[in-house]
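Reviewing the structure listed below.
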Amino acid sequence: SLWRPALLLLSQVPLPAGGRQPTFSTTCARCSENRRLRQKRVISERKLTRYFVDHRKVRVVGGQGGGGGHSFYSEPRKIFGGPDGGNGGDGGHVILKADQQMKSLSSVLSFYQGFHGEKGGSKNCYGANGAYIYVKVPVGTLVKEDGKVVADLTQHGEEYVAAYGGAGGKGNRFFLSNENRAPTLFTPGEPGQERVLHLELKTTAHAGLVGFPNAGKSSLLRAISSAKPAVAAYPFTTLNPHVGIVHYQDYEQVAVADIPGLIKGAHQNRGLGMAFLRHIERCRFLLYVVDLSVSQPWIQLHDLKYELEQYKKGLSERPCVVIGNKIDLAQSRINLPLLKEQIDDRVIAMSALTGDNLEELLLHLREMYDAYVKTEQSRGQSPVKW
């Protein structure tokens, strides 16, 4: 008998168009928790090229200042009250602000203009200042003007005033003096600053995966993080940098960037060399991914370091580790001892496909991250946190 009111209410619920009773209530909060969350749409690498933008040309104009007021105070029995025109408000600035949630410059428009200041009013009322316009850009955005770097936004929340708003005009009250008791002079507001800036994004991550095409960088990033870069059997599968986050039990997070594959002559802008090398420049330490199944894999490592050194001096000398990928193949087991004889860096042999020896890589990655944090703290600087 206790369930009759509930059954009566359910019987009064209108049926959907198909004529079937709904499997869950549309109003009950407890039933709504059982709904399956809609899965995130997987974006292919080809479609991702339309969303990922690492350079943008932007024209910014500050808001114009409001004009000064022109009026004279007058009321009964006080006809000659004097000038009371207030000053105009300043124009709004256009400000670039680094936001950690932004991962691309695709949402940045080609033109921004600040809000104008309001005109000064009577009774010595000043005009309101124009509101600021904040343009969110990813962390690691480089701002250039005429080829010169004017700002480098490397910290979350860091701001740069791209265009200043114009100053507000002066009202006739401002020009009151003993020589001129009834000034009629007032000035208009000044125009805002106008600039053409070039925004350039350099991916900010703790570690960077560096290697030739088809070395297994994307498969490795899939194995150690939840990132889903495209994986295929043809070269240049990855066309844009991907950042994966490696989570540890003490809640520390290490960001690993999958840099698109380099080729010989990348420092001369062969292929898309400059666009790729620009993202490696921000990484604190490097993970060289070498294909152990090819003949003489140590030549790959020498070529990679040569390209990095030619692009920027000292880039190849950053803390690094060599990852010998595809150890599950028979030829890779033969080349592994030969690789260790040819180079002095530490070599971690693993397979991104099967997950062999993945724990050693994760432990060494944490050691490199802890060393980086300790070095930054000893210098009095705050390390980059994710």
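The values are calculated or read from the model by the stated rules, or taken from the named source; none is laboratory data. No experiment lies behind these values; they were computed from the predicted model shown. We place every Cβ from the backbone using ideal geometry, glycine too, and count neighbours over all the protein chains shown. Please note that ligands, DNA and RNA were not included when accessible areas were found on the heavy atoms of the full protein model with its side chains. Shrake-Rupley method; radii C 1.70, N 1.55, O 1.52, S 1.80 Å.
The table for this structure:
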{"item": "Coarse-grained scattering of region 307-360 at q = 0.21, 0.23, 0.25, 0.30 Å⁻¹, given as base-10 log I(q)/I(0) from a Debye sum over alpha-carbon atoms", "result": "-0.83, -0.90, -0.96, -1.12"}
{"item": "Contour minus Cα-Cα distance for residue 77 and residue 378 (0.36 nm per residue)", "result": "100.9 nm"}
{"item": "Rounded accessible area of residue 152 (nearest 10 Å², 1.4 Å probe)", "result": "60 Å²"}
{"item": "Cut-off 12 Å between beta-carbons: net charge of the residues surrounding residue 375, Lys and Arg +1, Asp and Glu -1", "result": "+2"}
{"item": "Radius ratio Rg over Rh of region 51-202, counting only Cα atoms, Kirkwood formula for Rh", "result": "1.22"}
{"item": "Peptides 163-172, 210-219 ordered by average Cβ neighbours within 10 Å, highest first", "result": "163-172, 210-219"}
{"item": "In order through region 91-96: 3J(HN,Hα) via Karplus (6.51 cos²θ - 1.76 cosθ + 1.60), integer Hz, x for Gly, Pro", "result": "x, x, 7, 10, 10, 8"}
{"item": "Stokes-Einstein D for region 174-223, Kirkwood Rh over Cα pairs, 10 °C, 1.306 mPa s (µm²/s)", "result": "87 µm²/s"}
{"item": "Solvent-accessible surface (1.4 angstrom probe) belonging to residue 375, in square angstrom, nearest 10", "result": "60 Å²"}
{"item": "Electrostatic dipole magnitude of region 285-333 [Cβ: Lys, Arg +1; Asp, Glu -1; Cα centre; debye, to 20]", "result": "100 debye"}
{"item": "Long-range amide H partners of residue 243 with built H, under 5 Å", "result": "258"}
{"item": "Full-extension gain in nm, residue 367 to residue 310, via 0.36 nm per residue minus C-alpha separation", "result": "17.7 nm"}
{"item": "Largest to smallest accessible area among 160, 251, 132, 73 [probe 1.4 Å]", "result": "251, 132, 73, 160"}
{"item": "Per residue accessible area of region 51-202, 1.4 Å probe, in Å²", "result": "55 Å²"}
